[in-house]
1. Scan (1) at pLDDT below 95; (2) crowded, with 16+ Cβ neighbours inside 10 Å for the single condition ALA194 breaks and write down its number.
2. Return yes when LYS115 is basic (Lys, Arg) and surrounded by 24 or more Cβ atoms within 10 Å (Cβ to Cβ) and no when it is not.
3. Show me the strands (runs of 3 or more DSSP E) found entirely inside the range 15-105 where at least 3 residues are of a type outside the set (Ser, Thr, Tyr) and within 23 Å of ILE208 (Cβ to Cβ).
4. Only one residue in TYR78, TYR51 is more than 15 Å from the chain's Cα centre (by Cα) and buried (at least 17 other Cβ atoms within 10 Å of the Cβ), so which one is that?
5. Among the helices (runs of 4 or more DSSP H) contained in the range 129-204, which hold 2 or more residues that are farther than 20 Å from ILE40 by Cα?
6. From the list SER70, SER93, pick out the single residue that is within 14 Å of the chain's Cα centre (by Cα) and surrounded by fewer than 15 Cβ atoms within 10 Å (Cβ to Cβ).
7. In the range 129-145, is there at least one residue being without any contact (Cβ under 8 Å) to a residue 40 or more places away in the chain, within 11 Å of the chain's Cα centre (by Cα) and surrounded by 14 or more Cβ atoms within 10 Å (Cβ to Cβ)?
Amino acid sequence: MVNCECVKINTPPPPDLDPCAESIRQAFNGLTQQGKLAEILGKFNGPNAKYKINISIGSLGGDADLARTSNSGIPRTYNIVFNENYPNATSLSKATSLIHEYIHAYFNTLYDDWKNNGNIHAYDEYPPLKAFYIDGTYSSPYSKDAHHDAIASSFINLMAATIQEYNTNMPVAVGAADQFYIDMAWSSLQGTPAYNNSNLTEEAKDRIGSQRAVETYNKPRGIYPVVGTPCNN
């Protein structure tokens, strides 16, 4: 028997993995990857990927968000955490959240490219981000608002095509997705200034909100059935 003076070190527990979200990530890698989707996924997947994403499920501190992206503290590595308060969310709900969070992470890589690599053109495609980070003229002090404005103006059709192909296994051209999937893409912005200040009608917002709730809780609501499949963690 060896006696030792041991010092107890308190370390945070490892994050809880989210098998459902991880399986969706793997499915994304098999989608028809063209244009901007290929650029986004290529940042994090494949032999030439320069960035990494960790996916887990856990507490978001009482926040109602379905998921959240943050810097991990490790260079070029980002964490996507799915909210543990929504255990019944369908795979379609999580796929919608995942592509939304991938775009946030993609925007973070643009920040790295501008701030650390000196690329002054990193934000040229996204006026809200350029106004926030470079020009200092954006109307809100919060970077997430600029992110959401850029998603609303540039990524709704891409998101819709991505989640439709994921859910139906049929390739969909960007701009040709069904209205339901366009609504689901918009639903990922519900509650943000970008959503509230959009050109969506009140009727459309009611429809989008209902469809978001149906997929979040895996429970039909009025005339809206569950479209996604159960996501068993």
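1. (1)
2. The answer is no for LYS115.
3. Per the criteria, 77-83.
4. Step by step, each of TYR78, TYR51 is checked, and only TYR51 is more than 15 Å from the chain's Cα centre (by Cα) and buried (at least 17 other Cβ atoms within 10 Å of the Cβ).
5. By residue number, 179-187, 193-196.
6. One residue alone meets the criteria, SER70.
7. Checked against the condition, which is being without any contact (Cβ under 8 Å) to a residue 40 or more places away in the chain, within 11 Å of the chain's Cα centre (by Cα) and surrounded by 14 or more Cβ atoms within 10 Å (Cβ to Cβ), the range 129-145 yields no hits at all.
Residues are listed down the side, and each one gets a yes or a no for (1) within 20 Å of CYS20 (Cα to Cα); (2) loosely packed, with under 15 Cβ neighbours inside 10 Å; (3) of a type in the set (D, E, K, R):
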{"position": "ILE151", "(1), (2), (3)": "no, no, no"}
{"position": "ILE156", "(1), (2), (3)": "no, no, no"}
{"position": "GLN164", "(1), (2), (3)": "yes, no, no"}
{"position": "VAL174", "(1), (2), (3)": "no, no, no"}
{"position": "ALA177", "(1), (2), (3)": "no, no, no"}
{"position": "MET184", "(1), (2), (3)": "yes, no, no"}
{"position": "ASN199", "(1), (2), (3)": "no, yes, no"}
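The values are calculated or read from the model by the stated rules, or taken from the named source; none is laboratory data. What you see is a predicted model, and the numbers here were worked out from it, not measured in a lab. Neighbour counts are summed over all protein chains in view; Cβ atoms, including those assigned to glycine, are modelled from backbone coordinates with ideal geometry.
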